[in-house]
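Quick notes on the structure that follows.
The values are calculated or read from the model by the stated rules, or taken from the named source; none is laboratory data. This one's a predicted model, so the numbers in the text were calculated from it and none came from an experiment. Here the Cβ positions follow ideal geometry from the backbone for every residue, glycine too, while neighbour counts run over all protein chains shown.
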Amino acid sequence: DLVYVLNGPNLNLLGTREPTIYGSTTLGAINGMLASRAGELGLRVQCHQSNHEGVLVDWIHEAHGKAARAILLNAGAYTHTSVALLDAIKAVTVPVIEVHLSNPHTREPFRHTSYIGQAARGTIAGFGARSYLLALEAAAGL
Ligand code: DQA
(Lines give C-alpha, C1' and ligand atoms only; values in the text may rest on other atoms or scores of the structure.)
Protein backbone atom coordinates (compact mmCIF):
# COMPACT_ATOMS: atom_id res chain seq x y z
CA ASP A 1 0.00 0.00 0.00
CA LEU A 2 1.37 3.28 -1.19
CA VAL A 3 1.70 6.41 0.94
CA TYR A 4 2.84 9.69 -0.63
CA VAL A 5 5.01 11.93 1.56
CA LEU A 6 5.02 15.49 0.20
CA ASN A 7 7.17 18.29 1.59
CA GLY A 8 6.92 21.90 0.52
CA PRO A 9 9.19 24.95 0.47
CA ASN A 10 12.39 25.16 2.49
CA LEU A 11 12.03 21.67 3.92
CA ASN A 12 14.96 20.57 1.74
CA LEU A 13 17.06 22.63 4.19
CA LEU A 14 16.02 20.65 7.27
CA GLY A 15 19.05 19.91 9.40
CA THR A 16 20.44 23.42 9.15
CA ARG A 17 17.24 25.48 8.84
CA GLU A 18 16.39 27.18 12.17
CA PRO A 19 17.32 24.06 14.14
CA THR A 20 15.94 25.46 17.40
CA ILE A 21 12.49 25.36 15.77
CA TYR A 22 12.75 22.46 13.32
CA GLY A 23 15.45 20.24 14.86
CA SER A 24 18.65 18.98 13.28
CA THR A 25 17.32 15.92 11.47
CA THR A 26 17.65 16.18 7.70
CA LEU A 27 14.79 15.46 5.30
CA GLY A 28 16.80 12.54 3.94
CA ALA A 29 17.00 11.05 7.43
CA ILE A 30 13.25 11.56 7.96
CA ASN A 31 12.50 9.87 4.64
CA GLY A 32 14.78 6.99 5.64
CA MET A 33 12.96 6.54 8.97
CA LEU A 34 9.62 6.64 7.16
CA ALA A 35 10.73 4.01 4.65
CA SER A 36 11.83 1.61 7.36
CA ARG A 37 8.71 2.11 9.52
CA ALA A 38 6.56 1.75 6.41
CA GLY A 39 8.11 -1.64 5.79
CA GLU A 40 7.14 -2.75 9.30
CA LEU A 41 3.58 -1.52 8.72
CA GLY A 42 3.24 -3.24 5.35
CA LEU A 43 3.31 0.10 3.56
CA ARG A 44 5.56 1.71 0.97
CA VAL A 45 6.38 5.41 0.93
CA GLN A 46 7.11 7.63 -2.02
CA CYS A 47 8.79 10.83 -0.80
CA HIS A 48 8.97 14.13 -2.69
CA GLN A 49 9.98 17.70 -1.88
CA SER A 50 9.44 20.86 -3.91
CA ASN A 51 9.75 24.59 -3.33
CA HIS A 52 7.07 25.15 -6.00
CA GLU A 53 3.37 25.22 -5.25
CA GLY A 54 2.15 23.82 -8.57
CA VAL A 55 4.52 20.86 -8.37
CA LEU A 56 2.91 19.95 -5.05
CA VAL A 57 -0.52 20.19 -6.70
CA ASP A 58 0.67 17.83 -9.44
CA TRP A 59 1.88 15.26 -6.88
CA ILE A 60 -1.48 15.34 -5.09
CA HIS A 61 -3.13 14.52 -8.42
CA GLU A 62 -0.54 11.80 -9.07
CA ALA A 63 -1.18 10.18 -5.68
CA HIS A 64 -4.87 10.08 -6.57
CA GLY A 65 -4.10 8.56 -9.98
CA LYS A 66 -2.05 5.84 -8.31
CA ALA A 67 -4.80 5.20 -5.74
CA ALA A 68 -2.46 5.91 -2.84
CA ARG A 69 -3.81 5.03 0.59
CA ALA A 70 -2.86 8.42 2.03
CA ILE A 71 -0.78 11.54 1.55
CA LEU A 72 1.36 12.95 4.37
CA LEU A 73 1.65 16.64 3.53
CA ASN A 74 3.90 19.21 5.12
CA ALA A 75 3.18 22.16 2.86
CA GLY A 76 5.54 24.48 4.76
CA ALA A 77 4.53 28.12 4.39
CA TYR A 78 2.00 27.20 1.66
CA THR A 79 -0.04 25.77 4.53
CA HIS A 80 -0.99 29.32 5.43
CA THR A 81 -1.49 30.72 1.93
CA SER A 82 -2.47 28.14 -0.65
CA VAL A 83 -6.04 27.92 -1.87
CA ALA A 84 -4.63 25.88 -4.79
CA LEU A 85 -3.44 23.14 -2.41
CA LEU A 86 -6.75 23.24 -0.52
CA ASP A 87 -8.63 22.81 -3.79
CA ALA A 88 -6.33 19.97 -4.87
CA ILE A 89 -7.00 18.12 -1.62
CA LYS A 90 -10.74 18.63 -2.09
CA ALA A 91 -10.50 17.42 -5.68
CA VAL A 92 -9.11 13.97 -4.82
CA THR A 93 -10.39 11.11 -2.71
CA VAL A 94 -7.02 10.23 -1.15
CA PRO A 95 -7.03 11.25 2.53
CA VAL A 96 -4.44 13.88 3.39
CA ILE A 97 -2.75 13.99 6.78
CA GLU A 98 -1.33 17.45 7.52
CA VAL A 99 2.10 17.31 9.17
CA HIS A 100 4.24 19.95 10.86
CA LEU A 101 7.48 19.68 12.78
CA SER A 102 6.66 22.72 14.89
CA ASN A 103 3.30 23.58 16.41
CA PRO A 104 2.16 26.54 14.30
CA HIS A 105 -0.45 27.53 16.89
CA THR A 106 2.27 28.49 19.36
CA ARG A 107 4.00 30.71 16.78
CA GLU A 108 3.28 33.94 14.86
CA PRO A 109 -0.41 34.71 14.23
CA PHE A 110 0.02 34.29 10.45
CA ARG A 111 0.77 30.60 11.09
CA HIS A 112 -2.49 30.05 12.97
CA THR A 113 -4.56 29.60 9.83
CA SER A 114 -4.15 26.44 7.76
CA TYR A 115 -5.79 26.07 4.37
CA ILE A 116 -4.62 22.44 4.35
CA GLY A 117 -6.36 21.75 7.65
CA GLN A 118 -9.72 22.71 6.20
CA ALA A 119 -9.69 19.61 4.01
CA ALA A 120 -7.26 17.30 5.81
CA ARG A 121 -8.36 14.10 7.49
CA GLY A 122 -6.32 15.17 10.49
CA THR A 123 -3.25 17.08 11.57
CA ILE A 124 -0.12 16.11 13.51
CA ALA A 125 2.08 19.00 14.60
CA GLY A 126 4.66 19.84 17.19
CA PHE A 127 6.63 16.61 17.58
CA GLY A 128 9.59 17.43 15.35
CA ALA A 129 10.66 14.65 13.00
CA ARG A 130 8.42 12.27 14.96
CA SER A 131 5.36 14.09 13.60
CA TYR A 132 5.95 12.27 10.30
CA LEU A 133 6.19 8.87 11.98
CA LEU A 134 3.01 9.53 13.96
CA ALA A 135 1.29 10.55 10.73
CA LEU A 136 2.44 7.33 9.07
CA GLU A 137 0.94 5.35 11.95
CA ALA A 138 -2.30 7.25 11.36
CA ALA A 139 -2.14 6.43 7.64
CA ALA A 140 -1.68 2.75 8.45
CA GLY A 141 -4.94 2.82 10.38
CA LEU A 142 -7.02 4.35 7.58
C1 DQA B 1 6.15 24.04 9.09
C2 DQA B 1 5.46 25.25 9.75
C3 DQA B 1 5.23 26.35 8.75
O4 DQA B 1 4.61 27.48 9.39
C5 DQA B 1 6.52 26.83 8.15
O6 DQA B 1 6.29 27.79 7.15
C7 DQA B 1 7.35 25.69 7.61
C8 DQA B 1 7.44 24.46 8.39
C9 DQA B 1 6.53 22.95 10.12
O10 DQA B 1 6.77 21.82 9.70
O11 DQA B 1 6.60 23.22 11.32
O12 DQA B 1 7.99 25.82 6.58
O13 DQA B 1 5.25 23.48 8.15
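Quick notes on this structure:
- In the stretch 14-30, the residues that are assigned to a helix (DSSP H, G or I), within 19 Å of residue 125 (Cβ to Cβ) and either in contact with a strand residue (DSSP E or B) (Cβ under 6 Å, 6 or more places away or on another chain) or not hydroxyl-bearing (Ser, Thr, Tyr) (or both): 19, 21, 27, 30
- Between 51, 74, the distinction of being in contact with a strand residue (DSSP E or B) (Cβ under 6 Å, 6 or more places away or on another chain), within 25 Å of residue 16 (Cα to Cα) and among the polar types (S, T, N, Q) belongs to 74 only.
- Filter pass, residue 78 being surrounded by 20 or more Cβ atoms within 10 Å (Cβ to Cβ), within 14 Å of the ligand (Cβ to nearest atom) and over 20 Å from residue 31 (Cβ atoms): no
- Residue list for the stretch 43-72, filter: assigned to a strand (DSSP E or B) and exposed (fewer than 15 other Cβ atoms within 10 Å of the Cβ): 44
- Subset of the stretch 103-112 [closer than 12 Å to residue 77 by Cβ and either part of a helix (DSSP H, G or I) or more than 10 Å from the ligand (Cβ to nearest atom) (or both)]: 104, 110, 111
- The one condition from (1) outside any helix (DSSP H, G or I); (2) within 15 Å of residue 11 (Cα to Cα); (3) without any contact (Cβ under 8 Å) to a residue 60 or more places away in the chain that residue 97 does not meet is (2).
- Residue in the stretch 120-142 that is surrounded by fewer than 20 Cβ atoms within 10 Å (Cβ to Cβ), farther than 26 Å from residue 29 by Cα and at pLDDT 95 or above present: no
- Enumeration of residues in the stretch 8-32 that are more than 10 Å from the ligand (Cβ to nearest atom), buried (at least 17 other Cβ atoms within 10 Å of the Cβ) and among the hydrophobic types (A, V, I, L, M, F, W, C): 27, 30
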